[in-house]
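Note sheet for the following structure.
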Amino acid sequence: MTTMTMAKALNAGLRKALAAEPKALLAGEDIGKLGGVFRVTEGLQAEFGRDRVIDSPLAESGILGTAVGLALRGYRPVVEIQFDGFVYPAFDQIISQVSRLRFRSGGTASVPIVVRIPYGGSIGAIEHHSESPEAYFAHTPGLKVVSPASPVDAYWMIQQAVAADDPIIFFEPKRRYHDKGEVDLDQQSAELSLFSARVVKPGTHATLLTYGPMVRTCLEAAMLAAEEGRDLEVVDLRSLSPLDDAVILESVRRTGRAIVVHEAVGTLGLGAEIAARIQQNCFYELDAPVLRVTGYDLPYPPSKVEDAYLPDLDRVLDAVDRSLSW
Amino acid sequence: MTEPLPGPDFVQLLDPAGNRVQHPDFSYSGTDADLAADLRDMILARRIDTEATALQRKGELGLWAPLLGQEASQIGSARALRDPDLIVPSYREHGVAWCAGVDPVDLLTTFRGTGMTEWPSRPANFHFYSFVIGAQTLHAVGMAMAQQRDGVVGNPEPADNGATIVYFGDGATSQGDVNEAFIFAASFAAPVVFFCQNNQYAISEPMVLQSKIPLYRRAAGFGFPGIRVDGNDVIAVRAVTAWAMERARRGEGPVLIEAYTYRMGAHTTSDDPTKYRQSAEEDSWRAKDPIERLKTYLTRVGAVDAAWLDAVAAESDALAERMRTGCLALPERGLETFFDQAYADTPELLLRQRDEHLAYEASFEESR
Ligand SMILES: Cc1ncc(C[n+]2csc(CCOP(=O)(O)OP(=O)(O)O)c2C)c(N)n1
Ligand SMILES: [Mg+2]
């Protein structure tokens, strides 16, 4: 076991993926010599060369468009978008090309691209550096969307994503890049499939359904709630598309109460989809309506007010109160 | 790519040693007193920049994007503008903002995170800062198209005419948006000057990654003139920008100016340039400092003296002091004040969310 940050775990996972798969290659702005603005790719260009770890010209549409061509010729591009808010110049390539080439080709063309996107707020940044655009991608058929919440998951999920044959949007919770955890670098294979959710804390009174940066927030909320005798279950969704219905529904059937927590704006966010699935499948087992704790329906605000904008411990516990007192 | 040498393709009117030099096509018609005013602007712009960097280091700003080294490009171009020109900056144009009349304290709003880019002192002809690389170049072309329709282009009386200038970096030239801006501008002969500050880097990525030919030569392929100017020579930047803007105002279409300069500092306060460039390179550019060369020239010709320089130093100290106090005094708005800022006609849902937010905050007050 090694203790490492999520950024280092991603770095280790990418290193393993590059070593295991000769067709894997990385591309993105500042990822080579600099090692990325978050240093996730640090040292990889020195180790694997400039053909496999590519500093791209400053053009996100170009990064994705060329990744499509590389993928169609058998490569496995893992591209980095520098910040969440800069994925939109690549949006057309992702939505109109990456997601549909398999469908368009009658299932014959494969574009196994991984798009790594540091996302989420609470880092005191200026505009475009704190967004949570995951719903746009989860809404798009043909894409899969995942987000690790811990170093060990980051380590395995990035390797699994590179090995997967479908295009994957890989959201990295940037405010957790420096959170530490145990990773066993000698372990041979992952414990969970890439698209499985995980109960990270079992409980009986209510289920907190969350992912990425909010997993730690929800775990902390659950610990505080425990002091008041409330036994909360926390589910880390890990995969946002597809959703692991089995784990979600099983948990909610047991607790009878569900609260979805994410940083992204509420309207048409993941919480909306999850709430719909829960009420369709466990209507009679519910003791309270499914609640959502999310960012407000605003563009991400300036950093001095981001703490008020984002879900935090108190807002999660407030929703727990409302759910339990229903 | 090798360093450009002064010549027809690299407009220089003041060399790094502070000597006035000739160019076949460009000359400067202003006085040494005008240049002293430019020197003052450059010194103040640098001071604005170092003070903001210091404020970031003290934790008062989340981030700052320094202009250090780019003072001549910014002051020289900005001082070639006049009403009714429109100015579209990127995010590093603090010197241009200064010349446009933006209070430097207002700039801090954005970097301190007390607001977006709502700067009370921002004049209407100076557009908001823009952080998505290249996007603003298209907006500028649209503004120039509006100027065509507003009848402020190509009038017989030159003073009636205006054009748009847009600022962007070397890295930005790779973006589709910038290339589309070139195409639209050319297609409609829009009165726009594309002012590219080639500061040699896009964060860690050197210029050669973006272009195998000098950037100014790209313009030819789009069908309009491109010109490279010594971006550390305020006299040349002024002359070239004045020419390009006048041409655009007359209705003769766009020009691409490549101001060849150097980002002497970090990309932003979050960046560490030692990871990707050599100090020898930084030293070689320090010898071309835009402020030093103008100071040398103006001192030699007697247009400025020690007393003048002391007065400007005192003025910059006062400005820095005003920035420090102004920064701490920037009003902090509550989240509730942002809910009606996203729409002209705010939907009920947002007002409800605002009320919920306020009620939630109030519940803490009660329990205290
Ligand atoms: C669309 C987009 N992609 C990435 C970024 C992140 N980013 C911010 S500045 C920058 C480099 C810009 O370089 P250049 O255009 O040369 O301007 P400079 O910063 O040197 O003034 C990058 C990649 C961004 N702001 N927008
Ligand atoms: Mg640059």
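Condition (residue is open to solvent by less than 20 Å² (accessible area, probe 1.4 Å), within 14 Å of another protein chain (Cβ to nearest Cβ), within 24 Å of residue B:238 (Cβ to Cβ) and within 15 Å of ligand 2 (Cβ to nearest atom)) applied to the range B:155-169: is it met by at least one residue? Yes. Exactly one residue among B:103, B:150, B:83 is under 24 Å from residue B:63 (Cβ atoms) and either in contact with a strand residue (DSSP E or B) (Cβ under 6 Å, 6 or more places away or on another chain) or surrounded by fewer than 23 Cβ atoms within 10 Å (Cβ to Cβ) (or both), and that residue is B:103. When B:25, B:49 are checked against the criterion of being without any contact (Cβ under 8 Å) to a residue 40 or more places away in the chain and of a type in the set (D, E, K, R), a single residue qualifies: B:25.
Which ones in the range A:43-65 are surrounded by 20 or more Cβ atoms within 10 Å (Cβ to Cβ) and within 22 Å of the chain's Cα centre (by Cα)? Within the range A:43-65, A:60, A:63, A:64 qualify. Report yes if residue A:261 is more than 12 Å from chain B (Cβ to nearest Cβ) and either of a type outside the set (D, E, K, R) or in a loop (DSSP other than H, G, I, E, B) (or both), otherwise no. Yes; evaluated as a whole, the condition is true for this residue. Filtering the range B:205-228 to residues that are more than 16 Å from ligand 2 (Cβ to nearest atom) and open to solvent by less than 10 Å² (accessible area, probe 1.4 Å) leaves only B:219. Would you call residue B:282 within 23 Å of residue B:15 (Cβ to Cβ), part of a helix (DSSP H, G or I) and in the same structural domain as residue B:202 (by TED's automatic domain parsing)? Yes. Of the numbered conditions (1) in contact with a helix residue (DSSP H, G or I) (Cβ under 8 Å, 6 or more places away or on another chain); (2) free of Cβ contacts under 8 Å to residues at least 24 places away in the same chain, residue A:109 fails exactly one; give the number of that condition. For residue A:109, the failing item is (2).
Restricting B:242, B:202, B:189 to residues that are within 16 Å of ligand 2 (Cβ to nearest atom), touching a residue at least 24 places away in the same chain (Cβ under 8 Å) and open to solvent by 10 Å² or more (accessible area, probe 1.4 Å) narrows the list to B:202. In the range A:299-318, the qualifying residues are those that are touching a Leu at 6+ places or on another chain (Cβ under 7 Å) and within 10 Å of chain B (Cβ to nearest Cβ), and the one that is most open to solvent (accessible area, probe 1.4 Å) is A:308. Looking for whichever is in contact with a Phe, Trp or Tyr (Cβ under 9 Å, 6 or more places away or on another chain), over 28 Å from residue B:270 (Cα atoms), part of a strand (DSSP E or B) and not charged (D, E, K, R) here; the options are A:115, A:145. Which one fits? The unique qualifying residue is A:145.
The values are calculated or read from the model by the stated rules, or taken from the named source; none is laboratory data. Here the structure is a predicted model, which is why all the values come from computation and not from measurement. Methodologically, a virtual Cβ is constructed for each residue, glycine included, from the backbone with ideal geometry; neighbour enumeration extends over all protein chains shown. Protein only, heavy atoms only, side chains kept; ligands, DNA and RNA dropped before computing areas. Shrake-Rupley method; radii C 1.70, N 1.55, O 1.52, S 1.80 Å.
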